[in-house]
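A quick write-up on the structure given underneath.
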Amino acid sequence: MKKVVTIIVFSLMVSLQAQIADKPENISPLLIGEKIPNVDLQDSNSKKVSTSSIFTKNTVLIIYRGGWCPYCNAQLADMQEIEKDILSLGYQIIAVSPDAPSFLKETTEKDKLNYQLFSDSQGDFSKALGIAFAAPEKYSKMLGKYSENKNTNWLPVPTVYVLNENQEIEFLYINPDYSKRLSGNVLVNVLKNL
């Protein structure tokens, strides 16, 4: 009986965590001390890769809305500018968005990025992180285009996680206002103090 109750409670927790919030202010993100869930993403060549094999060392994880978002592109470029500092502190940079793999390549080339981008076009990762919310109707056509019709109704709240090699969250920056992003200089100072 105890085993059944544990499974039911775990299933309920997973299903609650995987829901899409009605608006950005109502998300329930994973917090400092929690572990990143193991979910499959796609690399820019459409190859499925599990998060447990991506986050095997200290990581700066950027969750962004897509290559179509000017605030996201500015943030990705900012990360590229401080990439050497991040690498010298022993961290890798990984960025994840709902964009399909073909659009990841476009963003990488356009923004001249050296670090890896991954696709979460089905939304499994963003939902498991608790940062997915229902996108305004006006985004539906564009989201469909950039996800190759795998997503027309949700967006992630832009988030920066700092993970240790055990995939545990050591730092988190999240703001429901998509125009407010963590600056690269502040991030470097955070990494120096972890």
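The values are calculated or read from the model by the stated rules, or taken from the named source; none is laboratory data. This is a predicted model, so every value here is computed, not measured. Cβ atoms come from the backbone with ideal geometry, glycine included; neighbour counts cover every protein chain shown. Remember, those area values only see protein heavy atoms, side chains included, never the ligands or the DNA or RNA. Shrake-Rupley method; radii C 1.70, N 1.55, O 1.52, S 1.80 Å.
For the reader, a short list of remarks on this structure follows.
- Subset tally (residues that are surrounded by fewer than 18 Cβ atoms within 10 Å (Cβ to Cβ) and at pLDDT 95 or above) for the stretch 1-22: 1
- Subset of the stretch 50-67 that is closer than 20 Å to residue 132 by Cβ and among the aliphatic types (A, V, I, L, M) - its residue that is surrounded by the fewest Cβ atoms within 10 Å (Cβ to Cβ): 54
- Per-region count, the stretch 129-148, residues open to solvent by 10 Å² or more (accessible area, probe 1.4 Å), in a helix (DSSP H, G or I) and of a type in the set (A, V, I, L, M): 1
- Tally, over the stretch 149-180, of residues that are surrounded by fewer than 22 Cβ atoms within 10 Å (Cβ to Cβ) and under 15 Å from residue 19 (Cβ atoms): 2
- When residues of the stretch 101-128 are limited to those that are of a type in the set (Gly, Ala, Ser) and part of a helix (DSSP H, G or I), the one least open to solvent (accessible area, probe 1.4 Å): 126
- Residue within the stretch 68-84 that is more than 16 Å from residue 184 (Cβ to Cβ), crowded, with 16+ Cβ neighbours inside 10 Å and in contact (Cβ under 8 Å) with a residue 60 or more places away in the chain present: yes
- On inspection, residue 185 does not qualify as among the polar types (S, T, N, Q), without any contact (Cβ under 8 Å) to a residue 12 or more places away in the chain and not in a loop (DSSP other than H, G, I, E, B).
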